[in-house]
Amino acid sequence: MTETATPRIDGESIFRTLRSEILSGVHQPGTAIRETSLATRFGVSRTPVREALSRLQQEGLLERVARGLQVPQVDPQQVIQIYDMRILLEEEAARQAARSRQFPDLMRLEALLQRDRELQEPDDHTRITTNLEFHAAVWNCAHNPVLRDLLDRLSTHLIHAPRSTLSTGNRWAESLDEHEALVHAIERQDSGAAGKIARSHMETARTLRLQLLRETALQQPLSTSSTRR
């Protein structure tokens, strides 16, 4: 009887696990991240945990505060700046995807779209994760490593925003329709249409994000100085 080898847990695997969890919203902005707790969780010493946390800091997925490390809080101005750049780069990625896509790329996009269509009332975490996978598949279609790297870096910053825009109203269903239209444009190698669809898709996300940021601002308590006036 062959024994199954236990997966090796090191700094790299811890980094990837935590990175995935932060990106998908498992750890919300303001969540404290502690070395000792993670060492216990993964059953390792604090050395590989420290290595993983250092890399997460370098990517901007963790920040150091007085009490240690935490998932960064929302910076509304930075969030909007990121969306502005995402609009430009997503449009270009879609254009290049339409020109450079290969048959396996199309199979991947169609499979992801079908999977998402079949989800039954997915929660916010699932919507974030599946949406990231679809967009990453579009970036891969462009076969442009530099563009893919830039988009990947930008997407890591949006996890600090309050919940996904995909959970606003009927946005999830509308987003899937837009994804489908984008896949068809890429399949036809219509770079102009693909770029327009991607731009409109991200502009809608930006508008919804602004709405969510305003709602969050309204929920914040007034400062002491304001209440005394």
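Okay, here's what the table says:
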| item | result |
| --- | --- |
| Meets criteria (touching a Gly at 6+ places or on another chain (Cβ under 9 Å) and open to solvent by 10 Å² or more (accessible area, probe 1.4 Å)) for ASP152 | no |
| Among (1) open to solvent by 70 Å² or more (accessible area, probe 1.4 Å); (2) in a helix (DSSP H, G or I); (3) over 20 Å from ILE197 (Cα atoms) - the single one THR126 does not satisfy | (1) |
| Selected residue (only one of ALA32, ALA66, ALA93, ALA39 is among the small types (Gly, Ala, Ser) and at pLDDT 95 or above) | ALA93 |
| Check on ARG99, of a type in the set (Lys, Arg) and open to solvent by less than 50 Å² (accessible area, probe 1.4 Å) | no |
| Candidate set from segment 197-214 (those that are free of Cβ contacts under 8 Å to residues at least 40 places away in the same chain and of a type outside the set (Val, Ile, Thr)); member that is surrounded by the fewest Cβ atoms within 10 Å (Cβ to Cβ) | ARG214 |
| The listed residue being within 13 Å of THR156 (Cα to Cα) and either of a type outside the set (Asp, Glu) or in contact (Cβ under 8 Å) with a residue 12 or more places away in the chain (or both), out of LEU69, LEU56, LEU38 | LEU56 |
| Those residues of segment 170-186 which are open to solvent by 60 Å² or more (accessible area, probe 1.4 Å) and in a helix (DSSP H, G or I), in sequence order | GLU174, ASP177, GLU180, HIS184 |
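The values are calculated or read from the model by the stated rules, or taken from the named source; none is laboratory data. Predicted model, so just to flag it, every value in this text is computed and none were measured. Here the Cβ is made from the backbone with ideal geometry for all residues, glycine too, and neighbour counts use every protein chain on show. In case anyone asks, the SASA skips ligands and DNA or RNA and just uses the protein heavy atoms, side chains included. Shrake-Rupley method; radii C 1.70, N 1.55, O 1.52, S 1.80 Å.
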